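Structure, as structure tokens:
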Amino acid sequence: MTSRDVLAYMRTQRLAVQSSVSADGKSQAAIVGFAVSDQFEIVFDTLQDTRKARNLRSNPAIALVIGGWTPGNERTVQFEGIADEPSGEDLERLKRTYYDVYPDGVARAKWPGLTYIRVKPTWLRFSDYNQNPPVIIEFTAAELSVSHRGLDNDSQ
């Protein structure tokens, strides 16, 4: 199982549980619709005044769990990273990635207060309990970056 295989698996999924921590140390979790770039950047939209957006502005550490929703398919990605609100060319590139998965996002972009969150990976674990013994593979940010250097197509 390569990082490219994990990326392909991530792109079969549309929902993730994200977790963040507020400035006063309270945890928060929510389901988000996401897309993922060739560089393993996760992007999702949210309103600027949501708890997740406020939390990530004060503490950009974020964790997401992807997969595990379908009975009999026990594969998941645990994803840790650093969140930001991209701008300029980065934002436009990530919006294209997001709109490829969520075409309705174009209309949603007109909502007052909508923002886009990008998560750059710091660590990723893929677990496949469909196999016996299970396959569990971890990747650091550096390993993900090296394995995808030079890719310039963010299509889903």
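Brief remarks follow.
- So Leu94, is it surrounded by fewer than 18 Cβ atoms within 10 Å (Cβ to Cβ), over 23 Å from Met1 (Cβ atoms) and in contact with a Pro (Cβ under 9 Å, 6 or more places away or on another chain): no
- Hits in segment 109-140 (condition: touching a residue at least 60 places away in the same chain (Cβ under 8 Å) and among the small types (Gly, Ala, Ser)): Ala109, Gly113
- Residues that are in a helix (DSSP H, G or I), open to solvent by 40 Å² or more (accessible area, probe 1.4 Å) and touching a residue at least 40 places away in the same chain (Cβ under 8 Å), drawn from segment 6-52: none
- Test: Val106 is touching a residue at least 12 places away in the same chain (Cβ under 8 Å) and either open to solvent by 50 Å² or more (accessible area, probe 1.4 Å) or touching a Lys or Arg at 6+ places or on another chain (Cβ under 7 Å) (or both): no
- Residues of segment 1-49 that turn out to be among the small types (Gly, Ala, Ser) and under 20 Å from Asn59 (Cα atoms), as a count: 9
- Counting only helices (runs of 4 or more DSSP H) that sit wholly inside segment 85-156, those with at least 1 residues that are modelled with pLDDT of 95 or more are 88-101, 105-108.
- Taken together, the residues in segment 56-75 that are surrounded by fewer than 20 Cβ atoms within 10 Å (Cβ to Cβ) and either of a type outside the set (Val, Ile, Thr) or within 14 Å of the chain's Cα centre (by Cα) (or both) amount to 13.
The values are calculated or read from the model by the stated rules, or taken from the named source; none is laboratory data. Treat the numbers as computed from the prediction; the structure is a model and nothing was measured. Positions of Cβ are backbone-derived with ideal geometry, glycine not excepted, and every protein chain shown enters the neighbour counts. The accessibility values were calculated without ligands, DNA or RNA, using every heavy atom of the protein model including side chains. Shrake-Rupley method; radii C 1.70, N 1.55, O 1.52, S 1.80 Å.
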